[in-house]
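Comments concern the structure below.
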Amino acid sequence: MLMTSNDSRVKDLTKRVLARDVRAISRALTLVENASESGILLHQSLYPHTGNAFIVGITGSPGAGKSSLVNELALSLMRAGERVAVLAVDPSSPYSGGAVLGDRIRMEAAVESDKVYVRSMASRGALGGLSGASADAVDILDAAGFSYILVETVGVGQGEVDIARTAHCSVVVLVPGMGDEVQVMKAGILEIADVFVINKSDRPGVHALERELRILMTLITTAADAWKVPIIRTIATKPEGIKELIDMLNEHRTWLKSTGKGEEKAKQYIRERILQLCTKEAAKLISNRYAAEIDSGLADCLNRKRDPRSVAIELVGKL
Ligand SMILES: Nc1nc2c(ncn2[C@@H]2O[C@H](COP(=O)(O)OP(=O)(O)OP(=O)(O)O)[C@@H](O)[C@H]2O)c(=O)[nH]1
Ligand SMILES: [Mg+2]
């Protein structure tokens, strides 16, 4: 069979991403982000090369200092000889006078440009949602041989929970005196956090926040063999506490491996990812094949003769 130009382009790009060509990595991420046909093919051909990176999610309220922390983490890891990729998902205020993610990294890394890579992406597309495009992007970076992938996501809620599934380690950044402990109680953050960071520890209220956090942690039930979630204090702008944080990330990584919990987590995550993609792919097939049936089901719903779920179940049954 003749190879189409799309196939050969994907093949070429795959080779170049595996060879760690920075321009190819950027191109690949754009294709994946757009969920284009080539993006899907490319992801397919790169996926067998994934599974080596340690993926760290960094989440927290707007302005908590996530980008500042990620900058410092990336620099320290890079100096320790790691290849680090940073993915900022829906960066909320890249030019708010705060840390412009990647600027310091770019300055320091200019000479060793393949040691660190920084990328922002918007992900809240119509259907994809956070876990779609950003999970694929993480895979691309993993295949490109980065040993650490730091994923910054803003917000409290579903975004954090989704990214926690993608990441091997979820770091939740809190700030004293901002009522962050209230946020922690919501949205299942206590359940997803592997490491708590109290950033802006130069501000008052650190003791109080840490105490409240410890009390909250005793309120959820955890298995005896569960990871003991540490609380690390940092001042990202100084920087202070970065080494302690990196040590803790490495400790968690070792724990995941030695207990088999890492594999368990990976299994659960891939299962969820498959099921999520089933939803998406089924919806695509149905809307391509059964436009007329959708219209008639829709009319029935409008007349309150049927309900949307019954229509959906019937349509899925046709597949
Ligand atoms: N005093 C103090 N200020 C900090 C610290 N860390 C970050 N900041 C400042 O807090 C502001 C926000 O920092 P960012 O790193 O942009 O925070 P962010 O969480 O990435 O913000 P978004 O991406 O907009 O949600 C900036 O002005 C930082 O200089 C810290 O440890 N102490
Ligand atoms: Mg930021």
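Nothing in this text is a laboratory measurement; each read-out follows from the coordinates by a stated rule. No experiment lies behind these values; they were computed from the predicted model shown. Cβ: placed from backbone, ideal geometry, glycine included. Neighbour counts: every protein chain shown.
If you plug each phi of region 19-35 into the Karplus form 6.51 cos²θ - 1.76 cosθ + 1.60 with θ = phi - 60°, what whole-Hz ³J(HN,Hα) values come out, in order, with x for Gly and Pro?
Ordered by residue, 3J(HN,Hα) equals 7, 6, 6, 4, 5, 5, 4, 4, 4, 4, 5, 5, 4, 5, 4, 7, 6 Hz.
Cross-link partners among lysines for K257, C-alpha distance below 27 Å, same-chain residues fewer than 8 apart left out?
K66, K115, K228, K243, K265, K267
Scan around F54 for amide H atoms under 5 Å from its own, H built in the peptide plane at 1.01 Å from N, and keep only partners 5 or more places away or cross-chain.
The answer is Y148, I149.
Tell me, what HN-Hα J-couplings in whole Hz come from the Karplus equation 6.51 cos²θ - 1.76 cosθ + 1.60 at θ = phi - 60° for each residue of region 190-201, using x for Gly and Pro?
4, 6, 8, 5, 9, 9, 9, 10, 9, 8, 6, 5
What order do you get for H252, H207, H49 when you list them from fewest to most C-beta neighbours inside 10 Å?
H207, H49, H252
Could you line up T50, T279 from fewest to most neighbouring Cβ atoms inside 10 Å?
T279, T50
Rounded if a/c is under 1.5, else prolate if a/b beats b/c, else oblate: with a ≥ b ≥ c from the C-alpha gyration tensor eigenvalues square-rooted, which is region 20-95?
oblate
What does the net charge come to around K228 if you take all other residues with beta carbon closer than 13 Å to its beta carbon, with K and R at +1 and D and E at -1?
-1
Only bridges with both residues in region 164-319 count here: give the DSSP antiparallel percent, nearest 5.
10
Distance between Cα centroids, region 23-61 to region 220-273: provide it in whole Å.
Cα centroid of region 23-61 versus Cα centroid of region 220-273: 23 Å apart.
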